[in-house]
Amino acid sequence: SQKIEQNSEALNIQEGKTATLTCNYTNYSPAYLQWYRQDPGRGPVFLLLIRENEKEKRKERLKVTFDTTLKQSLFHITASQPADSATYLCALFLEYGNKLVFGAGTILRVKS
Amino acid sequence: NAGVTQTPKFRILKIGQSMTLQCTQDMNHNYMYWYRQDPGMGLKLIYYSVGAGITDKGEVPNGYNVSRSTTEDFPLRLELAAPSQTSVYFCASTSQGFEQFFGPGTRLTVL
């Protein structure tokens, strides 16, 4: 069966450290993968997109890797801040129908 | 640009009632989507549209209907509401299937 899995437990880290979130998938062949941030009571907000032929993408303090052999993406936030506390969702893009399939998300808490 | 707007923000329905969740985008996007999000769960696709006049089912379409008569509007209709439809509903749009822009959501409770 097709699955997309993210760390089910919340990730608690100290301010200034690097947060690493994981997204694993099975039985999908996504053209690319996206990461979104969701704050409580709000809709998701797009952060980064990485294509299947890209190994790594960076945007300011964010870094995403995409390993199509392992069927895994890692999302890193360096020099984390309390304002980074949120739920982070990964999503696979399926070309048929231009649809996204979302993981359940990982809650990140950054403590000062 | 207002982006993606949704109304209402909150609604309580009784079992068997019907309602329409409104979604409007002002970015001239062709693709629009309706998702539901249950606590601790990811977003599940209900219906989507690749352009005016074209709609298709997503992962969880039962109990819902949609229409897309204009590029801007994509209403979601709930007929005969059931407690299982208690959820937060998000509408989203995109131009080329890349970054999706989400509305603020509608929190629906069916009692």
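The values are calculated or read from the model by the stated rules, or taken from the named source; none is laboratory data. Owing to the predicted nature of the structure, the values given are computational and were not obtained by experimental measurement. Because the Cβ atoms are built from the backbone with ideal geometry, glycine has one as well, and the counts that use them run over all protein chains shown. Please note that ligands, DNA and RNA were not included when accessible areas were found on the heavy atoms of the full protein model with its side chains. Shrake-Rupley method; radii C 1.70, N 1.55, O 1.52, S 1.80 Å.
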For the stretch B:17-100, alpha-carbon Rg and Dmax in angstrom: 12.3, 36
Lysine pair count for the stretch A:3-111 [Cα-Cα under 25 Å; pairs on different chains or 8 or more apart]: 22
A:LYS59-B:GLN17 pseudo-label distance in nm [points 7 Å out on the Cα-to-Cβ vector]: 3.9 nm
Accessible surface, the protein assembly as shown, averaged per residue in Å² (probe 1.4 Å): 50 Å²
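What whole-number volume per residue, in cubic angstrom, does the convex hull of the C-alpha atoms of the stretch A:55-112 give? Each step should come with its number before you reach the end.
Numbers: hull volume 6.2 nm³, N = 58.
Taking the convex hull of the Cα positions in the stretch A:55-112, it is 106 Å³ per residue.
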Residue among B:MET41, B:MET19, B:MET32 with the largest mean-square fluctuation in a Gaussian network model of chain B, springs linking Cα atoms under 10 Å: B:MET41
Delta accessible area of at least 40 Å² on complex formation, residues of the stretch B:46-79, 1.4 Å probe, chain isolated as reference: B:TYR48
Inter-site label distance for A:GLU5 and B:GLN96 at 7 Å from Cα along Cβ, in nm: 3.5 nm
Long-range Cα-Cα pairs in the protein assembly as shown (distance over 28 Å), rounded percent: 31 percent
Portion, in percent, of the accessible area of the stretch A:3-111 that falls on carbon or sulfur, probe 1.4 Å: 46 percent
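For the stretch A:1-101, what number results from the quotient of the Cα radius of gyration and 2.2 N^0.38 Å?
Details: Rg = 13.4 Å, N = 101, 2.2 N^0.38 = 12.7 Å.
Normalised by 2.2 N^0.38 Å, the Cα Rg of the stretch A:1-101 equals 1.06.
What FRET efficiency, computed as 1/(1 + (r/R0)^6) with R0 = 25 Å and r the Cβ-Cβ distance, is obtained for B:LYS57 and A:GLN72, rounded to the nearest 0.05? Each step should come with its number before you reach the end.
Working: r = 29 Å, r/R0 = 1.18.
FRET efficiency, B:LYS57 to A:GLN72: 0.25.
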Interface size A-B, as summed buried accessible area [1.4 Å probe, Å², nearest 100]: 1500 Å²
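Work through the residues other than A:ALA31 whose Cβ is under 12 Å from its Cβ and net out their charges, Lys, Arg +1 and Asp, Glu -1. Please list the in-between numbers first.
Numbers: positive: A:ARG51, A:LYS99; negative: A:GLU52, A:GLU54, A:GLU95.
With Lys, Arg at +1 and Asp, Glu at -1, the neighbours total -1.
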